[in-house]
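Reading through the C-alpha cells given below for one structure.
The values are calculated or read from the model by the stated rules, or taken from the named source; none is laboratory data. Just so you know, these numbers come straight off a predicted model, no measurement behind them. Every residue, glycine among them, receives a Cβ derived from its backbone with ideal geometry; neighbour counts consider all protein chains shown.
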Amino acid sequence: MNLLMNETRSEEQPENIQTNRTLVVIAVMLGTFLAALDVTIVGTAMPTIIGRLGGMSLFPWVFSAYLLTYTVTTPIYGKLADLFGRRVVYAWGTGIFLLGSVLCGLSENMIQLIVFRTVQGLGAGAVLPVTITIIGDIFTLEERGRMQGLFSSVWGVSAIIGPALGGVIVDYLDWRWIFYLNLPIGIVSILMLLFYLEERKPSGRLQLDYPGSTTLMLGVSALLLALLQGGTAHSWSSPFILTMFLLATGFLLAFIKIESRALEPILPLTLFQNRIISISVAVNFTAGMVLIGVSSYVPLFVQGVSGGTAVNAGAALAPMSIGWPLGSIVGGRFLLRVGYKKMAVLGMALQVVAAVLLLTLGPASTRAFIAATTFTMGLGLGFCTTALIVMVQAVVEWNRRGVATAIVQFMRTLGATLGIAVTGTALNSLLVSRINQQTGGRGTEAISIVNRLMDPLQRHLLPPEQIVPLKTALAAAIHGSFWLVLAAAAVGLACVCLLPAKPPEE
C-alpha cells in the first residue's frame, strides 16, 4: 500500500497537475467491483426473476443483450477516453450503467428487463477499460504490475461473494435490489474520481470518427448476434445466421477501409504494427475462449456427470476465482524480476496443463482434483493477462493508452463469445451423436432426459439403466469441448512465445 500513500504526478503529466492516488484507486476499485459483481449477482437472481416476470424462453437474452452492447462499446469508450479524458468518459459510462440499473429494477416483464440490460451494457463498456487505463496513467511501469494484481483480486472477491450476496438479497429483500445496489457504489465512485483525479488536457482538435464508430458497432453487433444465436435459436445454415455473417463481413471490411483514412480513427490500425500489441490481442482472444470453456463446462460436468449439486458446481469454479487474482498479485510483484515474456509464457503453459487435466476428468474424479485443476487455470490466467496488459500500456503513448487497453479487453470478450458458440455447437452435436449410438437413433428424445440429470431432485427418479449410458455420453461430449479449450490454450502458448524477449520501456 506504500504505492498509494503520496499524492503524485504521472511522469507524463504537467508539473502543476497532481492526483490523490489513494482516493483515485479506491474510486476505480469501486467501479471495477461494480462491473464484476453485476456478472455474478444477476445469475443468482435469475431463477427468481423468471418466476416473478415469466419469459423463460427469453431469459438467455438477459445476458446476451448486456454482453452484446458491452462488447461493442468497449473499444469506442477507449478512444473517447483518449480524446476527451478519462474522468468525463468514466463518469458518463458509469452514469449510463446506473440509469440502466434503475430501469432494470423497475421492469415489469422480461422484455423490459432485456431492453434495460442493453442500456446497462452501453454504460458498462466504459468501466473496465477506463479504470485500467487510469492505473496506467497514475503509476509508473514498475508499479503497474502490482496494481493490476490488486485490481484482479476485485474480480476474485466478487466471484466469491456475488452469488452469496445475490441469494441473501433475493431471499430477504426483493430481486429488484440486485440492481438498486449499484446506485450508491456507482455514485460514490464517480464523485471520488471527479474530485481527486487530475489529468492532462487533451491537446489538438477533438474529432470523433463517427463513420468508423458506426461501422464497428454494426459489424461487431451482427457478428455477435450470429455467434450468440447460431446453433440455438437458429441453425448455423439458416438464412438469418448467414445474413448476419455477411453483414458482419461487409461492415467490418468497410470499417477497416474507413480507419485507414480517418484523421482520428476510433481504432488506429497502426497499433497492430506493434509486435507486442498484436500478439497480446491474439493471446487475449485465446484466453477468452479458455475462460468461457472452463466456466461453462466444468459446472456442467460436476452436475451432470459427477452427480453434484449447484453448490458443488460453484465450489468447483471458486478456486479459479482465487487463482486468477493470486496469479495477478504474485505475477505483478515479480514481473520486472522474471521478465514480461517469461511470465506470460508461464501463464499460458499453466493453462495448457490445466486443459490437459480437464481431459482426464471422469465420473470418479474427486472434487479436490477438479478444484486443483481450475485453480491451476486461474493461476495461469492471472500470470498471463497481467503481464500482457502492463506490456501493452508500456509501448503506447498517453493519447493511445485508452484505446490500446480497450482493444485488449475487447478481444478477450470476443474470444469468450466465439468460444461459447463453437464449444456449445460441438457439445450438442457430440451429445446427440453419442446418444444416437446408444439408443438406436433416438438422441433428440433422450436430450430431455439429460436435462434431468442436472437437477438433483429429478435425477433420482431416472431408472439406473438410463443414468449410466447418459452420463457416459455427456462426459464424452463435454470432453469434446475440453479438446477445443486445449486447442485454444495451445495456440495462445505458441503466440506468446513470439513476444520479444527485451522488456518494453516507456
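The set of residues from segment 71-88 being touching a residue at least 60 places away in the same chain (Cβ under 8 Å), in a helix (DSSP H, G or I) and over 20 Å from the mean Cα position of the chain (by Cα) comprises Leu80, Ala81, Asp82, Leu83, Phe84, Arg86, Arg87.
Kindly indicate whether Arg401 is over 30 Å from Ala124 (Cβ atoms) and out of contact with any strand residue (DSSP E or B) (no Cβ under 9 Å at 6 or more places or on another chain). In short, no. Against the list (1) of a type outside the set (Phe, Trp, Tyr); (2) touching a Pro at 6+ places or on another chain (Cβ under 9 Å); (3) crowded, with 23+ Cβ neighbours inside 10 Å; (4) at pLDDT below 85, the condition Leu150 fails is (3).
Of all residues in segment 12-36, those that are under 15 Å from Leu193 (Cα atoms) and part of a helix (DSSP H, G or I) have Cβ atoms under 7 Å from Cβ atoms of residues that are hydrophobic (A, V, I, L, M, F, W, C) and modelled with pLDDT under 65, 6 or more apart or on another chain, in Arg21/Leu4; Thr22/Leu4; Thr22/Met5; Val25/Leu4. When Val24, Val39 are checked against the criterion of being at pLDDT below 75 and within 21 Å of Leu98 (Cα to Cα), a single residue qualifies: Val39.
Each row is one residue, and each column tells you yes or no for (1) surrounded by fewer than 23 Cβ atoms within 10 Å (Cβ to Cβ); (2) free of Cβ contacts under 8 Å to residues at least 12 places away in the same chain; (3) polar (S, T, N, Q); (4) assigned by TED's automatic domain parsing to the domain that holds Ala344.
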| site | (1), (2), (3), (4) |
| --- | --- |
| Gly93 | no, no, no, no |
| Leu106 | yes, no, no, no |
| Gln112 | yes, yes, yes, no |
| Gly123 | no, no, no, no |
| Ile132 | no, no, no, no |
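Consider segment 376-402 and keep the residues that are under 18 Å from the mean Cα position of the chain (by Cα) and among the hydroxyl-bearing types (Ser, Thr, Tyr). The one that is surrounded by the fewest Cβ atoms within 10 Å (Cβ to Cβ) is Thr385.
Please work out which residue is modelled with the highest pLDDT, limiting yourself to segment 200-210 and to residues that are surrounded by fewer than 20 Cβ atoms within 10 Å (Cβ to Cβ) and within 27 Å of the chain's Cα centre (by Cα).
Tyr210
Inspect segment 386-397 for any residue being at pLDDT below 80 and either in a helix (DSSP H, G or I) or touching an Asp or Glu at 6+ places or on another chain (Cβ under 6 Å) (or both) and give the result as yes or no. Checking segment 386-397: not a single residue is at pLDDT below 80 and either in a helix (DSSP H, G or I) or touching an Asp or Glu at 6+ places or on another chain (Cβ under 6 Å) (or both). Of all residues in segment 102-131, those that are among the hydroxyl-bearing types (Ser, Thr, Tyr), out of contact with any Lys or Arg (no Cβ under 9 Å at 6 or more places or on another chain) and closer than 17 Å to Arg52 by Cβ total 0.
Sort through Met5, Met29, Met46 and tell me the only one that's at pLDDT below 75 and either crowded, with 20+ Cβ neighbours inside 10 Å or in the same structural domain as Tyr180 (by TED's automatic domain parsing) (or both). Walk me through it before giving the result.
Numbers: Met5 fails: either crowded, with 20+ Cβ neighbours inside 10 Å or in the same structural domain as Tyr180 (by TED's automatic domain parsing) (or both); Met29 fails: at pLDDT below 75.
Only one candidate passes the filter, namely Met46.
Exactly one residue out of Leu193, Leu216, Leu197 is surrounded by 15 or more Cβ atoms within 10 Å (Cβ to Cβ), in contact with a strand residue (DSSP E or B) (Cβ under 7 Å, 6 or more places away or on another chain), under 22 Å from Thr133 (Cα atoms) and modelled with pLDDT of 80 or more: that is Leu197. I'd like to check something: does segment 253-262 contain any residue that is over 25 Å from the mean Cα position of the chain (by Cα), part of a helix (DSSP H, G or I), of a type in the set (S, T, N, Q) and under 25 Å from Val403 (Cβ atoms)? There is no residue in segment 253-262 that is over 25 Å from the mean Cα position of the chain (by Cα), part of a helix (DSSP H, G or I), of a type in the set (S, T, N, Q) and under 25 Å from Val403 (Cβ atoms). Figure legend. Inter-residue proximity from segment 342-356: first residues over 16 Å from Gly288 (Cβ atoms), second residues acidic (Asp, Glu), beta-carbon distance below 7 Å, spacing 6+ or different chains. No pairs are indicated.
Give, as residue ranges, the helices (runs of 4 or more DSSP H) completely inside segment 266-373 that count at least 3 residues that are crowded, with 18+ Cβ neighbours inside 10 Å.
Where helices (runs of 4 or more DSSP H) fall fully within segment 266-373 and carry at least 3 residues being crowded, with 18+ Cβ neighbours inside 10 Å, they are 275-304, 310-333, 340-358.
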